[in-house]
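Nothing in this text is a laboratory measurement; each read-out follows from the coordinates by a stated rule. Everything quoted here is computed from the prediction, not taken from an experiment. Backbone-built Cβ (ideal geometry, glycine too); neighbour counts: all protein chains shown.
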């Protein structure tokens, strides 16, 4: 198997991100809850996508690209962070976003404006329409002697997922340094790449740790995540079988993707009132609501050490409520 260090990346994030126990939440849930602060990755407002972009933008540079194109919803954290990271590398960013939900100049759209991103809205529910437009833009760039690099929604491709394999390696080092044995990792599952990387990383570096993805969208993640795990594993020449049943999922979509849920809003308030930490209504609020549900249904023992991955998303809090 390859060592992670053999696969090149551009350091963009401030790493390692902090990891610490939440004493008040732990007391309330009768287990040990830790938080991994990937909302503090150091670019713009931070968030999980920076780890993925370290690999993806290295690949873009290696291919001679000067422009990076990506997509998502109108308030996409991934798109905003792609623009921010592109700026650090002297690249242009074209964000082709669905004209759905809050697409006015609020939340992440304010940040996209500050970052100088080229934002284009497409009135569609089908990402195939958006990827076709990306192809047209790349063809136009080629005629100008420039080169575009396409990043699919969420950066959730095998190369991007390596960022979260590496996150678990980092977590394992933090666990060893503090003599802590982590039994569970809980994360939001919104496009599948972060979850896939964490689950594969746990197989490699924390084999006794269970990873549960809290679904915030209704895509078929029972197929998406294991498929991404297998393709990411192939980049590392990891040959052990990965079964669909290896993937643990809990649905907390509520009224729909990017629509606040009562459980998610209650979870946001619970963490804010008990630990002074802020979540968002699209991803981390629903993910933390899933962790609370698991705790209340007896998924954790008093001796367990549970890591909640705070994947960022603060910009959405000021657009969607």
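Placing a pseudo-label 7 Å from each Cα along the Cα-to-Cβ vector at residue 4 and residue 176 gives an inter-label distance of 1.2 nm.
Calculated mean residue ellipticity, 222 nm, the chain: -13500 deg cm²/dmol, from DSSP H runs (n ≥ 4) at -39500 (n - 2.57) each, averaged per residue and rounded to 500.
Three principal axis extents of the chain based on alpha-carbon atoms, in descending order, are 62, 45, 32 Å. Take every pair of alpha-carbon atoms less than 8 Å apart whose residues are at least six positions apart; their mean separation over the length of the stretch 76-150 yields a relative contact order of 28 percent. For the chain, the share of DSSP beta bridges that are antiparallel, to the nearest 5, is 10%.
Mean sequence separation of contacting Cα pairs (under 8 Å, at least six apart), scaled by the length of the chain, corresponds to a relative contact order of 22 percent. The Rg/Rh ratio of the stretch 1-71, with Rg taken over Cα atoms and Rh as the Kirkwood radius over Cα pairs, comes to 1.15. How many angstrom separate the Cα center of the stretch 238-307 from the Cα center of the stretch 63-108? A separation of 26 Å, based on Cα centres.
Return the single residue from 92, 78, 310 with maximal mean-square fluctuation; model: Gaussian network over the chain, springs between Cα atoms under 10 Å. Judging by the Gaussian network model, the answer is 92.
With R₀ fixed at 25 Å, the C-beta to C-beta distance from residue 243 to residue 128 puts the FRET efficiency at about 0.30.
Sorting 291-303, 175-187 by their mean Cβ neighbour count within 10 Å, with the most densely packed peptide first, gives 175-187, 291-303.
Volume per residue for the stretch 52-155 equals 86 cubic angstrom (convex hull of Cα atoms).
Short-range pairs are left out: with C-alpha atoms under 8 Å and at least six residues apart, the relative contact order of the stretch 1-89 is 28 percent.
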